[in-house]
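The block underneath contains the structure these notes are about, expressed in structure tokens.
The values are calculated or read from the model by the stated rules, or taken from the named source; none is laboratory data. Quick caveat: nothing in here was measured; it's all calculated off a predicted structure. For neighbour counting, all protein chains shown are included, and Cβ atoms are generated from backbone atoms with ideal geometry for every residue, glycine included.
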Amino acid sequence: MTVNRVGKVDIAEKLAGFDEHWAPRRIARINDYEIKAAKLQGEFVWHAHEDTDEMFLVVSGELTIRLRDGQVVLGPGELYVVPRGVEHCPAASEEVSVLLFEPAGTVNTGSAGGDRTREPVDA
């Protein structure tokens, strides 16, 4: 049995280590899930994750998660879980830093694909 030992992770330090928007960085794993840090600005693509929920936790800034029937606005310390199969479009008028919790291998653009698809790299 392999034990995954990450140790202490300094989230602020990880976020300070990159500037690219919409390009998640893997900062830890827990069981079959990855915890990713990301910086977002502007509007992403409308997409859904058919097989998994997706959790956004805002570290700094303000994130709007647009849904077909409304929107959710999140500030620092707030989180929202987008249920599996629900189409959504994250957007931020100013830069926002977030943590994403999702199963390993989850594609950031879900079912939409396209040129914004990024494989997460280790931070």
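Brief remarks on what is shown
- I27 out of contact with any Phe, Trp or Tyr (no Cβ under 7 Å at 6 or more places or on another chain), at pLDDT 90 or above and surrounded by 17 or more Cβ atoms within 10 Å (Cβ to Cβ): yes
- Sole residue being among the aromatic types (F, W, Y) and either surrounded by fewer than 16 Cβ atoms within 10 Å (Cβ to Cβ) or within 15 Å of K14 (Cβ to Cβ) (or both), chosen from F101, F56: F101
- For the range 5-64, a tally of residues being under 16 Å from C89 (Cα atoms) and of a type in the set (D, E, K, R) returns 6.
- Failed condition for A12, given (1) touching a Lys or Arg at 6+ places or on another chain (Cβ under 9 Å); (2) assigned to a helix (DSSP H, G or I): (1)
- Residue within the range 63-79 that is of a type in the set (D, E), surrounded by fewer than 18 Cβ atoms within 10 Å (Cβ to Cβ) and within 18 Å of N108 (Cβ to Cβ) present: no
- Residue that is farthest from R25 (Cα to Cα), among those in the range 77-123 that are touching an Asp or Glu at 6+ places or on another chain (Cβ under 7 Å), modelled with pLDDT of 70 or more and small (G, A, S): G85
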